[in-house]
Amino acid sequence: MARTFRRHRTAHPLADLNVTNLVDLAFVLLLIFMIATPLINQEQTIPVNLPVETRRDQAKPDAKTRFVSISIDRQGRYYFDSTPVSFSELAARLAPLAAGPAAQHPVIRIRADLTLQWQQVVRVMDELTKNKLTKIQFDTQAGGGAPGR
């Protein structure tokens, strides 16, 4: 008696799907978002009620432009980026920013609370002028309607 040791070929669909690569991709994306989100929202953690301006189209900044924010909250506390500093520390941190050619100076974003006395903003602007940092931008929140309403 002769036996044949062949398997019967049956056409059945492959039921296994390897999802290891998809899980790896999901973890990488999760890591990227976990790292990037705090960096994006760090300025919004300082409680500043910005002045309101009328809504209009905004020009996109150049991708090479470097921004440094100086925030002043309602109590008159100063923040360099998101770090709380005294005014003397703020003045000391501005000097290195002015080093090098004027074309490489960063744009200074001033985020001052709406209820703040203007003397504190003028004090910061005076310190910026002393350090020859002339690229200044005031942050506001977009409102609706015409000014004065």
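Is it true that ARG123 is modelled with pLDDT of 85 or more and under 15 Å from SER69 (Cβ atoms)?
So ARG123 fails the test.
So, in the range 67-100, of the ones that are of a type in the set (Ser, Thr, Tyr) and out of contact with any Lys or Arg (no Cβ under 6 Å at 6 or more places or on another chain), which residue ends up modelled with the lowest pLDDT? Steps first, answer last, please.
Quick first cut of the range 67-100, residues of a type in the set (Ser, Thr, Tyr) only: 69, 71, 78-79, 82-83, 86, 88.
Next, from what is left, pick out any that are out of contact with any Lys or Arg (no Cβ under 6 Å at 6 or more places or on another chain): 78-79, 82-83, 86, 88.
On the way: TYR78: 91, TYR79: 91, SER82: 82, THR83: 88, SER86: 91, SER88: 90.
Top of the filtered list is SER82.
Which one is surrounded by the fewest Cβ atoms within 10 Å (Cβ to Cβ), of the residues in the range 51-77 that are under 18 Å from ALA98 (Cβ atoms) and touching a Pro at 6+ places or on another chain (Cβ under 9 Å)?
Residue satisfying both the conditions and the ranking: THR65.
Give just the number: which of (1) at pLDDT below 85; (2) surrounded by 11 or more Cβ atoms within 10 Å (Cβ to Cβ) does ALA103 not satisfy?
(2)
Yes or no: the range 128-141 includes at least one residue that is at pLDDT 85 or above and on the phi > 0 side of the Ramachandran plot.
yes
The values are calculated or read from the model by the stated rules, or taken from the named source; none is laboratory data. What you are looking at is a predicted structure, and each value in this text was computed from that prediction instead of being measured. Reconstructed Cβ throughout: ideal geometry from the backbone, glycine too, with neighbour counts over all protein chains shown.
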